[in-house]
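Participant: Here it is, the structure, as structure tokens.
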Amino acid sequence: MVNLKIDDKKVVVPEGTTILEAARQAGVDIPTLCFLKDINEVGDCRMCIVEVEGRRGFATSCIQTVEEGMVVHTNTKNVLEARHVILDLIISNHAKDCLTCTRSGNCELQDLAIKFNVLDNEFVGERSVHKIDDKSPSIVRDFNKCILCRRCVATCKKVQQIGAIDCIDRGFDSCISTTYDHSLNDVNCTFCGQCIEACPTGALHEKENINDV
Ligand code: SF4
Ligand code: SF4
């Protein structure tokens with residue numbers, strides 16, 4: 001077992017536990033975005049950063065494991081300011097049409113934007129523009145709302161054992177898509193919908209047929 005302190009709380013957890021898991025066991029809230037327990041633990045988005053006494057920079061709590069005597073701070077001014085900037089940068093390349101988005105009110109990105117008061121975007125500039133794939137009978141993909149967290153990719157691959165989607169291209173053109181960028185309708189997707197369930201934004205959603213009657 002490993003003894004450490006998180007926000008002045010004494011915590012004892014098994015060796016190999018991440019700081020994030022230790023904090024959750026101690027009732028300390030650390031925000032996450034790309035993290036999906038046991039499925040996508042990659043430390044990509046950096047929303048879960050914390051400060052560890054005696055170390056330079058921030059530790060990514062979803063992948064950094066605990067160490068004996070570690071003293072962790074999850075809520076310092078530095079941490080909160082850094083999370084604000086990270087979120088602002090993520091949202092700077094997002095469609096920001098919450099008023100009409102089907103996931104409004106049920107969106108992890110929107111919840112974090114409200115929590116961290118990211119209301120005006122400081123990083124205004126060029127945005128990536130992607131086509132919308134609504135060819136399949138049940139799933140709409142709008143990557144103008146994608147934050148490249150890869151939760152959908154990991155879920156399709158590790159949970160559903162399908163691997164219909166992955167990240168393609170680089171830089172501004174980076175996008176979650178299929179082999180040769182085909183529509184979901186034209187690849188081995190089974191339309192199970194688990195990628196929608198995993199998505200923290202409105203980039204993936206079910207197709208509505210309400211107006212078809
Ligand atoms: S609907 Fe299922 S099979 Fe298709 S991309 Fe999503 S998770 Fe993979
Ligand atoms: S589609 Fe959703 S789950 Fe997939 S990478 Fe984009 S934001 Fe993440």
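Participant: For segment 37-53, check the following and say yes or no: at least one residue is exposed (fewer than 14 other Cβ atoms within 10 Å of the Cβ), closer than 27 Å to T155 by Cβ and in the same structural domain as A154 (by TED's automatic domain parsing).
Facilitator: No, segment 37-53 contains no residue that is exposed (fewer than 14 other Cβ atoms within 10 Å of the Cβ), closer than 27 Å to T155 by Cβ and in the same structural domain as A154 (by TED's automatic domain parsing).
Participant: Which fully enclosed helices (runs of 4 or more DSSP H) of segment 42-155 have 3 or more residues being touching a residue at least 24 places away in the same chain (Cβ under 8 Å) and within 16 Å of ligand 1 (Cβ to nearest atom)?
Facilitator: Correct list: 151-154.
Participant: I would also like to ask the following. Quick one: in segment 162-211, of everything that is within 23 Å of D97 (Cβ to Cβ) and of a type in the set (D, E, K, R), which residue is farthest from ligand 2 (Cβ to nearest atom)?
Facilitator: E208
Participant: Just to be sure I understand, how many residues within segment 135-149 are crowded, with 20+ Cβ neighbours inside 10 Å and β-branched (V, I, T)?
Facilitator: Result for segment 135-149: 2.
Participant: Still on this structure: Among the residues of segment 173-193, how many are part of a helix (DSSP H, G or I) and near ligand 1 (Cβ under 8 Å from one of its atoms)?
Facilitator: Qualifying residue count for the region: 1.
Participant: State all residues of segment 16-28 that are without any contact (Cβ under 8 Å) to a residue 40 or more places away in the chain and either in a loop (DSSP other than H, G, I, E, B) or in contact with an Asp or Glu (Cβ under 6 Å, 6 or more places away or on another chain) (or both); if no residue qualifies, say none.
Facilitator: A26, G27
Participant: Residue under question is A22, and the condition is that it be over 21 Å from I90 (Cβ atoms), buried (at least 22 other Cβ atoms within 10 Å of the Cβ) and of a type in the set (A, V, I, L, M); does it hold?
Facilitator: Taking the combined requirement at face value, the residue satisfies it.
Participant: When only residues in segment 156-172 that are away from ligand 1 (no atom under 13 Å from the Cβ) and part of a loop (DSSP other than H, G, I, E, B) count, which is nearest to E126 (Cα to Cα)?
Facilitator: Filtering first and then ranking leaves R170.
Participant: Hey, another quick one. Among the residues of segment 109-127, is any surrounded by 11 or more Cβ atoms within 10 Å (Cβ to Cβ), modelled with pLDDT under 90 and within 16 Å of ligand 2 (Cβ to nearest atom)?
Facilitator: Within segment 109-127, one or more residues are surrounded by 11 or more Cβ atoms within 10 Å (Cβ to Cβ), modelled with pLDDT under 90 and within 16 Å of ligand 2 (Cβ to nearest atom).
The values are calculated or read from the model by the stated rules, or taken from the named source; none is laboratory data. Keep in mind the model is a prediction, meaning the values are calculated, not measured. Neighbour counts run over all protein chains shown; Cβ positions are idealised from the backbone, glycine included.
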